[in-house]
1. To the nearest 20 Debye, how big is the dipole of region 609-703 about its Cα centre, given +1 on the beta carbon of each Lys and Arg and -1 on that of each Asp and Glu?
2. Mind giving me the nanometre distance, one decimal, between the label points for residue 486 and residue 498, set 7 Å out from Cα along Cα→Cβ?
3. Going down the table (537/608; 81/256; 171/564; 515/608; 537/564; 515/537), which pairs top 24 Å between alpha carbons?
4. Please state the charge dipole magnitude for region 313-372, taken about the Cα centre, from unit charges on C-beta atoms (+1 on K and R, -1 on D and E), reported in debye and rounded to the nearest 20.
5. Would any residue of region 615-659 have its amide N under 13 Å from a label point 7 Å out along Cα→Cβ of residue 603? List them or say none.
6. Note down the accessible area of residue 566, probe 1.4 Å, to the nearest 10 Å².
7. Using Cα pairs under 8 angstrom and six or more residues apart, how large is the relative contact order of region 55-191, in percent?
8. Relative contact order for region 83-152 using alpha-carbon pairs under 8 Å, separation at least 6, rounded to a whole percent?
Amino acid sequence: MADGEMMMKMSKGKSSGELVENFLFWLVCLTCLAMPLIFNPWGYNMFPQPRRLALNLGVLASFFLWLIWTIRAGRIMLPLKSPPFSLFFALIAWLLIASIFSVHAPTSFFGRFLRYQGWITWCCYLAIFLIALSLFGEERRAIALFRVATAIAALISFFALLQYAGAHVIKWSEQMDLGRPFSTLGNPSFLGGFLVLTIPLTLSLLLRGAERRLEVYLCILAFALQASALLLTQTRAAWAGILFSLAVLAPLAWRKFSGLNSGRKVGAISLLAVILIIIVLVFSFSPSYQDRLTSVAATGEGTSRGRLLVWGQTISLLRDNLILGTGADSFALSFPAYRTAEMERELGRRTIEDSPHNLFLELAVAGGIPGAALLVALLLALLLPAFARMARDLSSRGTQPESSGKSVRKKALDAESAEGTIIGGLTASVLGFVVFSTFSPSDISIVPLFWLLCGILGGMFPGKVKGKCYIMLKIPNVRRRDILAWMILPLGVVCLVLAAIPLGRSALADLKLRKGLELCAQGNYLEGDGYLASAAKLDGNQYYLTARGQNLLEAGWETRDVRKVKEALSLLEEGVAKNPLDEYSHLYLGDGLHDAGVWLDSAELLDKSEEEYRWVLNRDFNFYQAHLHLGNLLADQGRLEAAEEEWLIAVSLSLRPVEAYVNLARLSSVMNRKEEALDYYVKVLELEPDNQEAADFLEEAGS
């Protein structure tokens with residue numbers, strides 16, 4: 001019997017209490033399930049920003065509603081003696097300590113821009129886990145969640161299939177990769193992770209047995225849509241995750257199959273054969289799928305090689321931060337100092353590593369070895385009892401043949417067997433996602449659903465002693481309960497308003513940022529700066545300040561306005577002050593000081609520019625762009641030998657150092673080293689055949 005039944009008994013006969021509990025259940029479930037469907041196509045930060053807003057407000061409202069409901073019931077029940085909750089609570093407490101002593105506390109508390117996986121977000125996950133553990137650990141709740149999850153996943157998968165067919169209902173940004181479908185999640189890997197969570201839920205509904213034949217057909221259709229979308233994402237981590245999920249469900253499927261009559265067995269085998277044939281045909285006739293599959297074993301090249309390089313240097317980072325790590329969501333700030341020349345050459349800087357692409361390494365960086373150990377213990381506390389329950393069910397029950405008689409079927413689908421199938425589905429989802437997260441980054445769009453499923457699984461904890469997991473704060477006086485509940489209600493409203501104001505300002509700033517950048521890209525710098533200034537005023541994030549500073553510099557060059565240039569430099573300096581460890585802010589400030597110093601003929605600005613570049617290289621020596629830009633600065637100062645040295649280092653750090661080769665060729669030509677210049681321009685054409693400057697030089701040299 002689930003612990004949530006204790007709470008149910010206290011509300012028997014109280015229709016208002018049941019109504020509140022039902023509302024709370026759907027509020028939490030839809031907050032988690034709707035994350036992938038929430039996005040803002042008109043914003044710059046179209047995916048994480050609106051989802052953070054929905055998650056924070058939805059969880060805050062759910063938590064206060066849960067608190068009021070428990071008080072009205074007469075008991076505040078905290079599962080402090082439940083091993084999973086105790087471990088999760090300890091993890092959050094440890095992350096709080098690590099965030100206080102983080103390399104950059106604001107980032108650790110609020111999360112990195114475009115990611116938002118800071119300590120506050122982890123508190124949201126804890127609240128979801130607590131509410132699900134306390135109230136939702138019942139078969140009927142799990143089944144309701146499974147059905148809604150299946151419907152939403154089918155819709156998202158259908159949208160992914162439309163994308164793959166080229167029918168883009170929404171006009172996505174030109175910068176987005178449309179080669180692999182991502183549906184409404186913004187990233188094929190995130191879509192794959194979401195489907196790893198939902199496919200086992202759909203299959204468990206099928207294995208449990210539906211009351212109506214229509215529901216069976218709908219579940220089969222939903223599974224087909226989800227499986228097709230998962231295949232099209234070409235996400236290897238998701239493929240690995242779903243294989244583990246299917247392995248968990250295989251014994252349950254075999255038991256179900258053994259109980260079918262001969263006709264249905266033939267149908268099940270035929271359906272499985274069709275699925276396998278489709279998968280084999282896809283991998284046999286599609287080179288891209290073959291490449292994705294074989295690349296898993298090709299650890300010496302491609303993304304597998306890059307992943308291993310990142311993991312190796314992450315371990316080096318952990319050696320220096322064993323106990324507290326560097327704080328939640330601080331990987332992008334702490335990792336650059338550990339980048340090697342090999343990583344710079346093979347991975348480049350196309351994307352900033354904001355995660356080690358491994359859940360356990362991510363927690364180790366956030367909270368040291370204790371943080372990762374607490375996560376492992378939490379997952380084991382959830383999965384081991386579930387596996388034990390499944391093994392006990394399979395060993396204690398023989399197969400029961402299905403017949404056309406309804407009474408026989410009802411006996412076969414007794415309560416214990418049905419609950420075991422639900423636990424199997426939850427276990428398969430949780431384990432599959434853990435495998436997925438071992439090779440892929442987590443995201444705010446899918447992690448809430450993972451912790452919701454973990455909470456429900458913990459609420460159905462097999463072998464627990466009823467009531468022993470809870471510490472109860474009893475409130476026997478009915479009037480006192482009502483007074484306390486009515487006192488918490490306005491507090492909750494105030495907290496929601498206080499949270500909504502900055503989140504809403506941030507969302508509005510995001511809209512203005514995109515509009516401003518679009519206007520600046522069209523050359524309308526003055527009007528664009530008005531939007532960027534409004535965005536920076538609404539949200540003082542360093543990225544808004546830096547974006548405005550960069551575009552205001554362009555406006556200054558266009559209008560030859562010294563005042564605008566100085567204001568732009570001030571904004572870039574303010575962006576650096578917001579987050580002193582962000583190397584790109586220093587790089588952009590160095591570029592701005594360099595351009596301003598050349599234009600205004602100011603040696604002081606040029607010296608400051610060199611200081612910014614040197615700061616970046618002292619922290620991250622293997623930074624191609626920093627060496628390239630420092631070389632440009634030194635050349636403008638007439639320090640040609642020093643500039644040549646920086647450009648040669650830049651060449652050694654990139655597989656396509658076109659700009660560095662061009663600079664070296666120009667320098668060699670100026671210094672009358674014609675043969676060297678010729679060699680450099682030849683290398684430029686090898687990398688960029690349509691480079692007109694190199695072609696003209698070679699033509700002139702040939703004549």
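1. Values: 8 positive and 20 negative charges, 48 e Å.
For region 609-703, the charge dipole is close to 220 debye.
2. Result: 2.3 nm between the two label points.
3. Over 24 Å apart, Cα to Cα: 537/608; 81/256; 171/564; 515/608.
4. Details: 5 positive and 8 negative charges, 18 e Å.
Here region 313-372 has a charge dipole of around 80 debye.
5. Hits in region 615-659 for residue 603 at 13 Å: 637-638.
6. Number for this one is 130 Å².
7. The normalised contact order for region 55-191 reaches 17 percent.
8. Working: 34 pairs, mean separation 16.1, N = 70.
Averaging sequence separation for qualifying contacts and normalising by length gives 23 percent for region 83-152.
The values are calculated or read from the model by the stated rules, or taken from the named source; none is laboratory data. As the structure is a computational prediction, the values presented were derived from the model and not from experiment. Backbone-built Cβ (ideal geometry, glycine too); neighbour counts: all protein chains shown. Calculation scope for accessible area: heavy atoms of the full protein, side chains included, ligands and nucleic acids excluded. Shrake-Rupley method; radii C 1.70, N 1.55, O 1.52, S 1.80 Å.
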